[in-house]
Amino acid sequence: MTKVLKDKKAIGIFVVPGFIIYTLIVMLPIVWSFYYTFYSGSPGLRWNFCGLKNYQMLFHDKNFLAALLVNLKYILCVMAGQVGLGFLLSLMFMFWLTKFKAVVRTLVFFPVVLPTVAVAQLFAKIYEIQPNYGLLNSVLAHIGLQNLVQPWIGQPSTALGSLCVMDIWVAMGFYSVIFYGALLDIPQETIDAARIDGAGGFILFRYILAPLLRPVTVTSLVFSFTGTVKMFESAIALTNGGPGNATRSMSIYMYNVAFSFNKVGYGSLIALIIFLICVAGSGLISRLDTKDIY
Amino acid sequence: MKKTGNVLLCLAVAVCSLAGCSKKTASSGTGTEKIISPSSAEDPKLSKKIKILSIWPEDNDNGVLLTDIFDAYKKENPNFDYDYELVSSSDLRQKVTTLAASNDLPDIFVYESGKPILDLVSADKIMDTGSILEQFNCSDKLSPSAVSLLKNLSGTDKLYDLPLGLNIEGFWYNKALFKKAHVDVPETWNDFEQVLSKLKAAGIQPLAAGGSDKWGVTRLINAYLVRTAGADAMKKAAADPARYTDAPYVAAAKKIQDWAKAGYFGIGVTTVDMNTAGSMLLTGKAAIFYNGSWFASNLNDKSANAAGEDGIGFFNIPVVDPSISSGREYSMNCGNILCIGKNRYDEATGWLLKYFVEHIGDTAMSLQGSVKGYTYTVQNTQMSDYTKLVLQELGNAQSAFTWFEATMGSEVSTVAQNNVQTLLTGDMSAMDYMKSIQYAVKTSN
């Protein structure tokens with residue numbers, strides 16, 4: 001094996017074809033997109049070189065800044081919810097659940113495999129208020145909390161939060177399985193030894209589990225971050241970016257700009273910004289994974 | 001490895017440079033005229049397989065008419081065939097734009113009338129359908145009002161599209177609920193507001209509206225605006241003698257916001273789509289619903305219309321000042337339209353179009369009891385009362401005005417529709433709503 005890996009020809013045969021395909025499919029469109037940022041209009045329809053005009057427009061674009069803010073709120077909320085609740089669920093699987101473990105894990109993981117549009121339709125019905133109350137409003141009305149009955153996805157103040165709840169519910173099962181796998185990898189003797197020394201509850205978590213789970217936590221945060229930065233299909237399916245612009249993410253704004261407003265050049269610039277945020281954020285989160293955990 | 005990487009990067013840059021060598025399209029003007037005259041007086045039955053892009057499935061709405069006519073033409077011309085491609089209406093504009101960019105527009109495609117086709121006209125992507133019909137001697141098959149409406153919408157002297165509907169819009173109402181609240185059909189706007197108030201007092205939701213689809217609400221703003229400021233109010237704001245922030249426009253937005261505050265739309269109107277709002281009217285959950293004459297096809301569907309054959313009535317937008325806008329002035333449109341791709345157009349397509357315009361009027365009336373903007377000779381003896389009602393109202397119309405977004409570009413209309421939801425919830429004032437539209441005009445230019 002070492003002989004193969006030292007052979008440059010062997011490396012070439014194994015790596016170069018994949019590298020070429022990766023370059024053509026992933027890298028080339030990014031470079032091509034960057035090239036488009038210097039043009040205005042849409043290819044084939046009013047496509048003109050405009051220099052840095054798109055870049056100047058970006059800094060004064062209130063809509064872009066609003067979409068960025070929506071994205072940031074969504075990222076913070078959903079990352080914390082998905083990874084945090086996923087972790088708590090894994091602790092439940094590991095330390096609390098004694099019966100029906102497989103059934104509970106399956107039920108918790110089930111939303112992950114559901115199509116986004118189907119989940120959005122489900123939650124639209126849960127949040128419904130007109131013509132009939134959905135599940136949530138019905139329950140609130142029945143338990144005497146009529147004052148909390150409201151159009152959850154029909155007003156800007158609650159729409160983003162309602163969307164976050166949906167996306168957290170969908171993905172927390174995925175992270176619970178990842179964390180559960182990582183917890184199973186921790187030697188039982190380590191946990192037993194800590195318990196013998198008097199560690200329990202939060203102390204056990206803080207000084208034993210958390211450090212050992214750091215690599216998996218960082219990986220989960222990176223997965224969650226890259227998913228939330230690209231917030232698109234769930235917002236489109238549940239609220240279509242509304243009401244107003246309350247759930248309009250940068251991806252939705254980029255899609256509107258490029259394909260509805262026929263400003264492919266400017267849309268490419270927004271896409272580039274999303275890409276840079278993704279790379280920068282993932283890099284920042286990855287720095288949390290230091291090697292000196294033992 | 002480093003050398004390979006450098007080579008690949010150079011290749012990528014080279015490809016990008018080649019991409020920049022694409023033709024610059026003309027930013028204005030109609031480009032070259034493509035004149036293909038018929039080679040004979042009769043259809044020579046040329047061989048052709050056309051591609052049609054549609055938003056209706058083959059067994060629904062206009063899809064039925066299109067496939068019926070194409071199948072009939074296939075029997076007359078065995079050398080003809082067609083491919084029917086379906087795209088969702090929300091993806092239509094993106095699909096057509098992408099195909100236009102790659103010079104791959106279909107022979108015939110459904111599109112949106114008005115401003116959207118101007119980009120295709122200036123990029124020389126679509127045919128002048130008016131001259132095609134003249135060359136093939138069938139211009140008289142189009143209804144003059146439809147031709148006038150389409151030219152007006154696109155602001156061109158020539159006709160670049162074909163209608164697939166001739167619709168009026170107004171208020172459909174539930175007769176049983178009106179009876180229950182002891183109210184009559186209003187003729188003036190003041191009467192209308194009193195009707196809304198009485199319905200609310202009787203415990204009936206006065207209005208159903210598709211707030212999540214947005215356009216159903218902007219139509220209401222347009223209704224009051226036209227009645228107070230005239231049929232050309234939106235045209236004036238788009239062409240700059242007026243601004244969207246002028247008093248009449250803000251007042252129209254405020255009117256609808258006041259209705260929302262008064263609870264006329266019920267709670268959570270921004271979560272209701274047009275189909276649900278229509279169902280609410282038919283099932284007696286709301287008394288009045290603004291929609292177009294195409295709603296008659298829902299009313300004619302016995303399985304969907306719980307109100308029955310005579311349960312729903314129609315009235316035009318009530319009048320504020322008859323000297324500004326009378327009761328015989330209706331909001332009208334031609335629905336989605338058909339465009340002819342220039343790239344693939346030839347004589348065979350011309351003969352197909354001739355057959356299409358000569359037969360669609362009669363086909364639509366026979367199969368669906370609907371008017372599509374073409375002349376027709378058949379009488380649909382099994383016409384429902386709702387179809388007769390629509391035809392009666394169409395006959396009553398003396399003048400027309402267009403919908404709220406008709407004179408707006410895509411960016412401005414998106415802002416107008418998105419922000420109408422925050423207008424309804426009260427999160428945006430009427431003035432701020434109109435300011436957002438005016439700002440979108442500035443940024444889109």
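The values are calculated or read from the model by the stated rules, or taken from the named source; none is laboratory data. Note that the structure is predicted; figures quoted are calculated from it, not measured. Cβ atoms come from the backbone with ideal geometry, glycine included; neighbour counts cover every protein chain shown.
Summary table below
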| item | result |
| --- | --- |
| Yes/no for A:Ala67 being among the hydrophobic types (A, V, I, L, M, F, W, C) and at pLDDT below 95 | no |
| Checking B:Gly313 against (1) crowded, with 18+ Cβ neighbours inside 10 Å; (2) in a strand (DSSP E or B); (3) modelled with pLDDT of 95 or more, the condition it does not meet | (1) |
| Single residue of A:Ser251, A:Ser282 found to be touching a helix residue (DSSP H, G or I) at 6+ places or on another chain (Cβ under 6 Å), part of a helix (DSSP H, G or I) and within 18 Å of A:Ile30 (Cα to Cα) | A:Ser282 |
| Residues (under 20 Å from B:Ser139 (Cα atoms), assigned to a helix (DSSP H, G or I) and basic (Lys, Arg)) located in region B:348-404 | B:Lys354 |
| Selection status of A:Gln130, under 30 Å from B:Gly211 (Cα atoms), surrounded by 20 or more Cβ atoms within 10 Å (Cβ to Cβ) and modelled with pLDDT under 95 | yes |
| Subset of region A:123-136 that is closer than 21 Å to A:Cys164 by Cα and facing chain B (nearest Cβ under 9 Å) - its residue that is farthest from the chain's Cα centre (by Cα) | A:Ile129 |
| Candidate set: region B:358-368, residues that are surrounded by fewer than 20 Cβ atoms within 10 Å (Cβ to Cβ) and in contact (Cβ under 8 Å) with a residue 24 or more places away in the chain; chosen: the one farthest from B:Glu58 (Cα to Cα) | B:Glu358 |
| Counted residues, region A:47-92 - those being surrounded by fewer than 15 Cβ atoms within 10 Å (Cβ to Cβ) and among the aromatic types (Phe, Trp, Tyr) | 3 |
| Out of A:Phe259, A:Phe275, sole residue that is within 14 Å of chain B (Cβ to nearest Cβ) and within 18 Å of A:Leu58 (Cα to Cα) | A:Phe259 |
| Pair list, Cβ under 8 Å, 6 or more apart: region B:303-329 residue free of Cβ contacts under 8 Å to residues at least 60 places away in the same chain, other residue in a loop (DSSP other than H, G, I, E, B) and among the polar types (S, T, N, Q) | B:Ala306/B:Thr283 |
| Inter-residue pairs, beta-carbon under 9 Å, first away from chain B (no Cβ under 11 Å) and in region A:9-35, second assigned to a helix (DSSP H, G or I) and of a type in the set (Val, Ile, Thr), 6+ apart | A:Ala10/A:Val4; A:Phe14/A:Val4 |
| Complete set of residues in region B:215-253 that are assigned to a helix (DSSP H, G or I), of a type in the set (D, E, K, R) and touching a residue at least 24 places away in the same chain (Cβ under 8 Å) | B:Arg219, B:Arg227, B:Lys235 |
| Residues (outside any strand (DSSP E or B), among the hydroxyl-bearing types (Ser, Thr, Tyr) and within 27 Å of the chain's Cα centre (by Cα)) located in region B:166-214 | B:Ser212 |
| Residue that is nearest to B:Cys334 (Cα to Cα) [pool: residues in region B:101-148 that are within 14 Å of chain A (Cβ to nearest Cβ) and in contact with an Asp or Glu (Cβ under 8 Å, 6 or more places away or on another chain)] | B:Tyr111 |
